[in-house]
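Visitor: Pasting a structure below so you can have a look.
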Amino acid sequence: MTTSDTKPAPTTEDPKSDQLPPFRVLLHNDDHHDMLYVVESLVEVTPLVYKMAARVMLEAHMRGASLVMTTHKERAEFYRDRIRAKGLIASIEASE
C-alpha cells in the first residue's frame, strides 16, 4: 500500500467557523433605551469596539435594524441572547 492509498485520520476537532453556514445577528430599533445605553451594551456583550457599536446603533435607529455581525449559528444565538439580556431587541437570520 502506498501513502496515496491511505485515508487521513478522522479528526475530532470542531468544524471551522468558515465552513459552517453563516447567520446574521441583527439589532432592532428600540424606543425604550437611550442611545448611549445601547452602544455601551453592545461594547460589553459583543466584540464590537465603541465606534462600530455606535454605527450599529445609529443604523438600527434610522433604518429599523442593523447588522451586528455574521457568524455560525451557535455563536449567532449566543450573541443574540447576550444582547437580549441587556433588554435590547435582537434576532438572527440565515445569511445567503
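Visitor: Please order 84, 63 by the number of other Cβ within 10 Å, starting at the fewest. Write out the running numbers ahead of the final one.
Guide: Working: 84 13, 63 10.
The order, fewest Cβ neighbours first, is 63, 84.
Visitor: Taking only the alpha-carbon positions of region 19-94 and ignoring solvent, what does the Debye formula give for the base-10 log of I(q)/I(0) at q = 0.17 Å⁻¹?
Guide: Normalising to I(0) and taking log10 leaves -0.54.
Visitor: Hey, what D do you get for region 52-95 in µm²/s if you plug the Kirkwood alpha-carbon radius into Stokes-Einstein at 20 °C and 1.002 mPa s? Write out the running numbers ahead of the final one.
Guide: Working: Rh = 10.9 Å.
After rounding, the answer is 196 µm²/s.
Visitor: Listing 31, 81 from the residue with the fewest other Cβ atoms within 10 Å to the one with the most, what is the order?
Guide: Working: 31 5, 81 12.
Fewest-to-most Cβ neighbours within 10 Å comes out as 31, 81.
Visitor: Just want the ordering: 37, 50, from fewest to most Cβ atoms lying within 10 Å of their own Cβ. Don't jump to the answer; show the numbers that get you there.
Guide: Working: 37 15, 50 11.
In order of increasing Cβ crowding within 10 Å: 50, 37.
We did not get these values from a lab; they are worked out from the coordinates using the rules stated. Just so you know, these numbers come straight off a predicted model, no measurement behind them. Cβ coordinates were reconstructed from backbone atoms using ideal geometry, including for glycine residues, and neighbour counts include every protein chain displayed.
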